[in-house]
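Trainee: Sharing a structure below in structure tokens format, with a few things to ask.
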Amino acid sequence: MRSLYISLVSEFYKSKKTLAFWAAILLPLIICGLITFGFYTSSEKILNFHYPPIVLWAQYSGAALNVMGLLVMPFYVIFMAFSVNNIEHKNDTWKTLFAQPLNKLSIYAAKYLYAVGLIFISLFLFASLTYGFGHLLQVLVPQYNFNQYNPLSILTNAYTKLFLSSLGILSLQFILSLVWADFLKPMGIGFVGTIMGIITANVGWKYAYLIPYCLPTLSLRVTKVKKGVNPMDFPVFTQEIWTSLIYALILFIVGYFIVSRKSIK
């Protein structure tokens, strides 16, 4: 555990000034801020629809979720996975890294967990800012009815699903960024995979859940719930989530064998 902790701290200091690190903080702030500004400036038009509180929250939070699930999250994960490993590629420090008196698995796991941590921070901020800015809108526009419904369960379930569904993409891109040091190959594959995933998920192919890049889009679909139950209390651990977790476990093991071979080159 000590080796893992030291490696995690090292990853933080190496990447705290990178775009991947700051994007985890700035993306939620910018996107949620723009959506909130849109709801504020268009308040008269939105109020004319007379949305019930739960629908108003769904419209507001869904704006950020759709942007994240379809476009921002897959591309951010792809870029962030490349950025974490590119620090070693760029400085040619793989041998130096594994020459330290630290457990090799801890060094590799720290890189992976640091990447997972950035995704978690980003999505946690999205959920928190959505909730906070929604109540800020209530203060700015008292005619809204945000205060008549508590969306925490919706936000928690939705962003948990988005987080877990992104682990499959992260694990695959993490391996690609280990194999190739250049920018174009892993980013190019990730870009094509994301576009293919969005199209495949939207056309309803029954095996789309087997493609990691489809999983964030599939995870945000409204899941059927039992009769008499709140339709927004959808289950978290659905088929696409289990698929993502299985991909993450298998590819994590594969990635370790790849990176351990680098240490003896």
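Every number in this text was worked out from the coordinates using simple rules, so none of it is lab data. None of the values given here were measured: they were computed from a predicted structure. So basically every Cβ, Gly included, is an ideal-geometry build from the backbone, and we count neighbours across all protein chains shown.
Trainee: List the residues whose amide H sits under 5 Å from the amide H of ARG221, counting only those 5 or more places along or on another chain, with H placed 1.01 Å from N in the peptide plane.
Mentor: none
Trainee: Using alpha carbon centroids, what distance separates region 151-183 and region 3-72, in Å?
Mentor: What the calculation gives is 15 Å, centre to centre.
Trainee: Compute the label zone of ARG221 within region 192-209: residues whose backbone N is under 20 Å from the point 7 Å along Cα-to-Cβ.
Mentor: Counting backbone N atoms under 20 Å from the label point, the list is 193-209.
Trainee: To continue, here is another question. So what is the relative contact order for region 82-172, in percent, with contacts set as C-alpha pairs under 8 Å and at least six apart?
Mentor: So the answer I get is 26 percent.
Trainee: Compute the long axis of helix 152-179 from its Cα atoms, compare it with the longest principal axis of the Cα atoms of the chain, and write down the angle in degrees, 0 to 90, nearest 10.
Mentor: Computed tilt is about 30 degrees.
Trainee: What ranking of SER42, SER10, SER15 emerges when the number of other C-beta atoms within 10 Å of each C-beta is taken as an exposure proxy, fewest first?
Mentor: Lowest count first: SER42, SER10, SER15.
Trainee: Work out the FRET efficiency for TYR207 and SER153 from their Cβ-Cβ distance, taking R0 = 22 Å, and round it to the nearest 0.05.
Mentor: The formula returns an efficiency of 0.10 here.
Trainee: Next up: May I ask you to sort SER122, SER260 by Cβ crowding, counting other Cβ atoms within 10 Å and putting the fewest first?
Mentor: Least crowded to most crowded, the residues run SER260, SER122.
Trainee: Assuming R0 = 41 Å, what is the FRET efficiency of SER43 and MET196, from their Cβ-Cβ distance, to the nearest 0.05?
Mentor: 0.60
Trainee: Hey, can you rank 205-218, 163-176, 132-145, 53-66 by average C-beta count inside 10 Å, highest first?
Mentor: Numbers: 205-218: 21.1, 163-176: 25.4, 132-145: 15.4, 53-66: 19.1.
Highest mean packing first, the order is 163-176, 205-218, 53-66, 132-145.
Trainee: For TYR13 paired with LEU184, estimate the spin-label separation in nm (one decimal), with each label point 7 Å from Cα along the Cα-to-Cβ line.
Mentor: Placing both labels 7 Å along Cα→Cβ, they lie 3.6 nm apart.
Trainee: Also, quick follow-up: With each pseudo-label sitting 7 Å past Cα toward Cβ, what's the ILE246-LEU105 distance in nm, one decimal?
Mentor: Here the answer is 2.4 nm between the modelled labels.
Trainee: On average, how much area does the Cα convex hull of region 1-153 cover when viewed from any direction, in nm²?
Mentor: Here the figure is 10.7 nm², rounded to one decimal.
Trainee: Expressed in nm to one decimal, what extension gain is obtained for the pair ILE258 and GLN239 from 0.36 nm per residue of sequence separation less their Cα-Cα distance?
Mentor: 4.0 nm
Trainee: Can you give the charge dipole size of the chain about its Cα centre, rounded to the nearest 20 debye, using +1 on the beta carbon of Lys and Arg and -1 on the beta carbon of Asp and Glu?
Mentor: It comes to approximately 620 debye.
Trainee: Relative contact order (percent) for the chain, with alpha-carbon contacts under 8 angstrom and 6 or more residues of separation?
Mentor: Values: 298 pairs, mean separation 70.1, N = 265.
Computed value for the chain: 26 percent relative contact order.
Trainee: Quick check on the exposure proxy: order MET1, MET68 from fewest to most C-beta atoms within 10 angstrom.
Mentor: Working: MET1 7, MET68 24.
Going from sparsest to densest Cβ surroundings: MET1, MET68.
Trainee: Report the label-to-label distance for VAL141 and LEU34 in nanometres (one decimal), using points 7 Å from each Cα along the Cα→Cβ vector.
Mentor: 1.8
Trainee: State the percent of C-alpha pairs, over all pairs in the chain, separated by a distance greater than 24 angstrom.
Mentor: Tail fraction, whole percent: 52.
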